[in-house]
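Trainee: Before I ask anything, here is the structure I am working with.
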Amino acid sequence: MGKEIIIGVIPVLLAFLVFIGVNIAPFVIAVLVLGVLTFLLSKQGGMSLAQKKQTIEVPKTTTQFGEIGGQERAKQELKEALDFLIHRDSLKQYGIRPLKGMLLTGPPGTGKTLMAKAAANYTNSAFVAASGSQFVEMYVGVGAQRIRDLFKEAKQKAEKNNQDSAIIFIDEIDVLGGKREGSQHREYDQTLNQLLTEMDGITTSENPRILMIAATNRADMLDDALLRPGRFDRQIVVDLPDMKARKQILEIHSQNKPLADDVDLEAIARDTFNFSGAQLESVTNEAAIYAFRDKATEITQRHFAQAIDKVMMGEQTDRESTAEERERVANHELGHAIVSEVVRPKSVSQVSLRPRGQALGYVRQSPQQDRYLYTLENLEQQIMIALGGAIAEEMLYGGRSTGSRNDFEQALHLANTIIDTGLSELGIVKLDMVSKEALHEERQRILNDLLDRTRAVLREYFPVFTHALDHLLREEVLNGEEFRAMLEEARRLPKKNNVEELDSHMMRA
Ligand code: ATP
């Protein structure tokens, strides 16, 4: 309101002054200059706000070690190292060199960022985070300046929060700290040098004390200078969670969700071998989305099963296929499933005919135990399972299709592993010392032998195809229990009958 009155009064006043003969030019110029100055200043203020946003502001972290599922050994190692930050007197008393940097290594999504945040909370430190890629700049010197700013920001933040330590977390450190090759000079060498200089400048007596935590998936790519004593000299492996850890992570992320009574987190943990913490978080989230779409009041085990498939294989696709194609895919998948269940009882969790990602159908296996070491028998079983689909097509349609490409790739990879690891008839070998022909021959011998064994299994259980096919075509999914019941039925039939049924089918085909 006041503004409007002033805007109205000023022109009238100016007109009056001109009317009585006063020279208003100096006044008008002064107002204009003032206006421009105010505008420029306000613009600069705006710029500095935007710049502030560019430096990574992280609010005081509330993440606690208890919110990280599994990773017990990594958490323990990290806490032990952090205790030195808390009990500084002991450092002095024993003359221990202060820990300046810790490197968390492991696959993506395993909780490295969470660990760094929890470390800040545990030690009541200010927390500043950045990612290696943020330091790679076209302009020389910008990356190095950013490193200086990062250290400055960490110190300021600690002082502001009245904390006597600060943790700087750099994710993807390999981007700025990769191995330097020869005399080739890269812009980010300067950035790396600046980081090393800042780290070398950290002292025990300094207040606030700075601790660097860096994360990478590729520790082998890092420049040696980064790993020297006094820099990132403590490495902590943050690995994919085992079965117990997977259950804990699922529990943590299901806490805020309405779970139905039939949800068995242990079974879900069993079905998610090789999943990272981030993927498990995604499973719980996707299950909740499926429940929401169904307008269900609670999340059920079925929603979780769909969520696992989504995270593992991708979203369902609407690919239309002909009845003929669907039947072939169903038999192909049943081939995998029969072999899987015969060579590893209770291993089939679901047979599905719903196209997902690139797959037209799939069998989800549920390993009874996490496995990190494989015997020859394990590898051969896995190859037989992979070949089951193609052999089923061969028996039922007299030939294979292109749908087995991935299966064959997997079988070849496993056959190579058998040879590589000295488990083949070639004995202990160094691959580059064996001729290509000899390798090819041994691979073929392994695969042909396993093709025969797979054929024998499918011949024996042939009636399962006829029993399960209708169900699978109708319902699109067949769960492990239903499938095992069908297999049991086939087992009760005299073996001779099964083979006869197959022979008569093959005559018809
Ligand atoms: P990247 O290497 O890709 O940066 P990261 O190892 O730093 O990944 P985080 O960013 O810490 O992984 O994890 C991503 C998300 O996954 C977390 O926010 C959390 O929801 C979930 N998560 C990962 N690991 C765990 C775990 N051990 N316990 C609970 N949640 C986890």
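The values are calculated or read from the model by the stated rules, or taken from the named source; none is laboratory data. What you see is a predicted model; the values in this text were computed from it and never measured. Glycine also receives a Cβ, built like all others from the backbone with ideal geometry; neighbour counts cover every protein chain displayed.
Trainee: Within the bounds of region 425-443, is there any residue that is crowded, with 21+ Cβ neighbours inside 10 Å and either under 16 Å from residue 363 (Cα atoms) or not polar (S, T, N, Q) (or both)?
Mentor: No, region 425-443 contains no residue that is crowded, with 21+ Cβ neighbours inside 10 Å and either under 16 Å from residue 363 (Cα atoms) or not polar (S, T, N, Q) (or both).
Trainee: Could you look through region 135-148, keep only residues that are surrounded by fewer than 19 Cβ atoms within 10 Å (Cβ to Cβ) and either at pLDDT 90 or above or on the phi < 0 side of the Ramachandran plot (or both), and pick out the one that is nearest to the ligand (Cβ to nearest atom)?
Mentor: Checked region 135-148; the qualifying residue nearest to the ligand (Cβ to nearest atom) is 136.
Trainee: Give region 94-113 a look and list any residue that's more than 16 Å from the ligand (Cβ to nearest atom) and among the charged types (D, E, K, R), or say none.
Mentor: Within region 94-113, 97, 100 qualify.
Trainee: Right, here's the next one. Across region 71-88, what is the total count of residues that are part of a loop (DSSP other than H, G, I, E, B) and either within 15 Å of the ligand (Cβ to nearest atom) or touching a Lys or Arg at 6+ places or on another chain (Cβ under 7 Å) (or both)?
Mentor: Qualifying residue count for the region: 1.
Trainee: Is it true that some residue in region 408-425 is closer than 27 Å to residue 481 by Cα and either part of a loop (DSSP other than H, G, I, E, B) or of a type outside the set (A, V, I, L, M) (or both)?
Mentor: Yes.
Trainee: Further, regarding this structure: Does residue 91 fit the bill of being near the ligand (Cβ under 10 Å from one of its atoms), touching a helix residue (DSSP H, G or I) at 6+ places or on another chain (Cβ under 6 Å) and among the hydrophobic types (A, V, I, L, M, F, W, C)?
Mentor: No; evaluated as a whole, the condition is false for this residue.
For every residue, the table says whether it meets (1) within 16 Å of the ligand (Cβ to nearest atom); (2) in a helix (DSSP H, G or I).
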| position | (1), (2) |
| --- | --- |
| 282 | yes, yes |
| 291 | no, yes |
| 304 | no, yes |
| 307 | yes, yes |
| 321 | no, no |
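Trainee: OK, next. Going through region 256-303 one residue at a time, which ones are in contact with a helix residue (DSSP H, G or I) (Cβ under 8 Å, 6 or more places away or on another chain), of a type in the set (Phe, Trp, Tyr) and farther than 25 Å from residue 112 by Cβ?
Mentor: Within region 256-303, just 290 meets the criteria.
Trainee: Please state which one of 226, 211, 192 is under 17 Å from residue 171 (Cβ atoms), in the same structural domain as residue 135 (by TED's automatic domain parsing), away from the ligand (no atom under 16 Å from the Cβ) and not in a helix (DSSP H, G or I).
Mentor: Unique residue meeting the criteria: 211.
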